[in-house]
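Below: the structure, in structure tokens.
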Amino acid sequence: MTTTSDSGGGWTFLTNHSHVLVCIADDPDIRLREVADKVGITERAVQRIVAELEDAGYLTHQRQGRRNHYEIDAGVPLRHSLENHLEIGTLLRVLASR
């Protein structure tokens, strides 16, 4: 698991919101417990972030049996005024090329 303390300086360039979104983009059927482990935050924090991403229109989910399947709306613009000319899909494509 990679956490902010593993980065050497105590901070990272991306927020927990973007980390959660990257995990979901990599695996739309991922369990939030797994996201929490990968991001290095609590499952409750992941649940809050997912709810905020859904409220903002970046993410939706459908229940499939006992699990959720997530879909990202790649056309939603980034929120900050410095980046709002870009869509979330652009950021995810850049991060997926890692």
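Residues in region 10-64 that are closer than 16 Å to V76 by Cβ and among the acidic types (D, E): E52, E54, D55.
If I ask for residues that are within 17 Å of V20 (Cα to Cα) and of a type outside the set (A, V, I, L, M), which ones from region 78-96 would you list?
R79, E87, G89, T90, R93
Filtering region 55-88 to residues that are surrounded by fewer than 10 Cβ atoms within 10 Å (Cβ to Cβ) and under 17 Å from L14 (Cβ atoms) leaves H80, L82.
Here L92 fulfils each of the conditions (1) surrounded by fewer than 14 Cβ atoms within 10 Å (Cβ to Cβ); (2) modelled with pLDDT of 95 or more apart from (1).
The values are calculated or read from the model by the stated rules, or taken from the named source; none is laboratory data. Note that the structure is a prediction, hence the values are computed from the model and not measured. Please note: Cβ atoms are built from the backbone with ideal geometry, for glycine as well, and neighbour counts cover all protein chains shown.
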